[in-house]
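Below is one structure; the comments refer to it alone.
The values are calculated or read from the model by the stated rules, or taken from the named source; none is laboratory data. Since this is a predicted model, take the numbers as computed values, not measurements. Here the Cβ positions follow ideal geometry from the backbone for every residue, glycine too, while neighbour counts run over all protein chains shown. Keep in mind that these areas ignore ligands, DNA and RNA; they rest on the heavy atoms of the full protein, side chains included. Shrake-Rupley method; radii C 1.70, N 1.55, O 1.52, S 1.80 Å.
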Amino acid sequence: MGSTLPYDGLKMVLEYLDPNRRILLAKYAPSIRATEKIVPLRVDRLIIDHDYIITVNDVTYRMGIHHGPVDEEELPALHAENEEGGVLHDLNVHGFEDEYPVFEKTPGDVFLARIWPTRPVDQWMIGFHKDISMTEELMIRMRQHAGDPSNDDDMREFFKNGANKRHHELYPYLNFRYNKQPHQTIHLTTSTFGRRGTSVHEYDMKLPVAMKKLNHIFFGDRAQVVRVGFFYPGLPLKVLRLPNQFAFRISTLKVDSPSVFPMLEPIFDKSGGPMDSVEVPLEIKYGGNIVYTCQKLILTSYFSDIDKLKAFIKLPNKEVYLTDAELDFGSDEAKQLIEHWQEHGKPVGTCFFVCMEQAQCTQVMRALAEHFGEQFLDEKLTLPISYNSELEICYEMGSPRQGIEEKNYLKLLVAEKVNA
């Protein structure tokens, strides 16, 4: 005789179940859908680095438009796009790229980049016969050369590839000329650990709408805030298609450009306090409180002017990493940092890590020891900061987070002064 999982037990299982399995379970078990929306959703890793690609933990979802049946021999590039799961943009009925759905904004959408529209297809198709005639003639001549037995194998292959490339360019134009409308479909491809699966859907909605529906399945209509361990809205992402009035609670955030902070800030839930860590290029002026209040700040670019160095020196974060080994940070920059800390103070426990080779670390510490009149012993240097704290400088191997390779860092730790 079967038994039913108690309600409290079901809630506990759902909360800590992998979100992909959890969504799948709710899809096939209607009786738990209401409970699934009430229980907090926890995502270890959320990567959205394209308008139509999202990775939830270890599963990647890719939304593309399948061209319809194409000849692999004559249109290998189109065939390869189909095999990949379709193109990552909308198409019109003849196969031309249709950019206009991207500009349609619905409640909850977050535009991270300015998008410049192109003219609609029907405006620039006027006179297309003249524009494509040369390409079409070139394709025909290349096909003839590809079949000419007087050419060697390499030359025939060269002309064949050239003809196929021109055919690829002409594909939507020829469809338009002969009013062919290939049967296009939406392919949702899921991949995890080398395994792939595809679900096929009628192309009865544009990709932004389809992506919005997918994100709503994961994040929409939830009674509690969604908790995300690591969130990376990466390039070339332009638009986040999120549910209306939605917010994440993020532990670790990575961005490729700090200019996106003003657009992203409304979707960050602040009730749980500051983020644990933020990974960002050194242009931190756009980050505001998101950057300055996190416990660990990971900077991924180098100093290019004195203003950035001054901003780095004044950072209030408890732990800061400079991860670029090519950055312009030597003994002069270290002296400015230490003198600022000595003049203005620095809380005990503050630790800055600057990526550099071990030999350079030693060189910097020797220069600092000479400048401040202290002894450099056992690859370690100690300098006073205040009456009850001191700065311990050494080098060590480490990494700011999982997924970033270990490197050698100059470590500057503000510690409580012994026998203060």
For this session: Could you please give the count of residues in region 346-383 that are open to solvent by 60 Å² or more (accessible area, probe 1.4 Å) and either among the β-branched types (Val, Ile, Thr) or farther than 23 Å from Asp328 by Cα (or both)?
Result: 7
Seminar exercise, completed: Selection over region 174-209 where residues are open to solvent by 70 Å² or more (accessible area, probe 1.4 Å), over 21 Å from Asp51 (Cβ atoms) and outside any loop (DSSP other than H, G, I, E, B) yields a count of 3
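Of all residues in region 47-90, count the ones that are charged (D, E, K, R) and either touching a strand residue (DSSP E or B) at 6+ places or on another chain (Cβ under 8 Å) or buried (at least 21 other Cβ atoms within 10 Å of the Cβ) (or both).
7
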Exercise. Are any residues in region 327-350 closer than 13 Å to Leu309 by Cα, outside any helix (DSSP H, G or I) and not aromatic (Phe, Trp, Tyr), and if so, which ones?
Worked result: Leu327, Asp328, Gly330
Problem set entry | Evaluation of Leu315 against (1) under 18 Å from the mean Cα position of the chain (by Cα); (2) at pLDDT 75 or above (one fails), failing number | (1)
Exercise. Can you name the residue in region 319-345 that is touching a strand residue (DSSP E or B) at 6+ places or on another chain (Cβ under 7 Å) and open to solvent by 30 Å² or more (accessible area, probe 1.4 Å) and is also farthest from Glu279 (Cα to Cα) among such residues?
Worked result: Gln342
Exercise. Can you tell me which residues in region 226-237 are among the hydrophobic types (A, V, I, L, M, F, W, C), out of contact with any Phe, Trp or Tyr (no Cβ under 7 Å at 6 or more places or on another chain) and open to solvent by less than 40 Å² (accessible area, probe 1.4 Å)?
Worked result: Phe230, Leu237
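So that you can scan it fast, the table gives a plain yes or no per residue for (1) under 29 Å from the mean Cα position of the chain (by Cα); (2) within 30 Å of Lys254 (Cα to Cα):
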residue	(1), (2)
Ala34	no, no
Lys37	yes, yes
His79	yes, no
Leu88	yes, yes
For this session: Please verify whether region 127-137 includes one or more residues that are surrounded by 15 or more Cβ atoms within 10 Å (Cβ to Cβ) and modelled with pLDDT of 90 or more.
Result: no
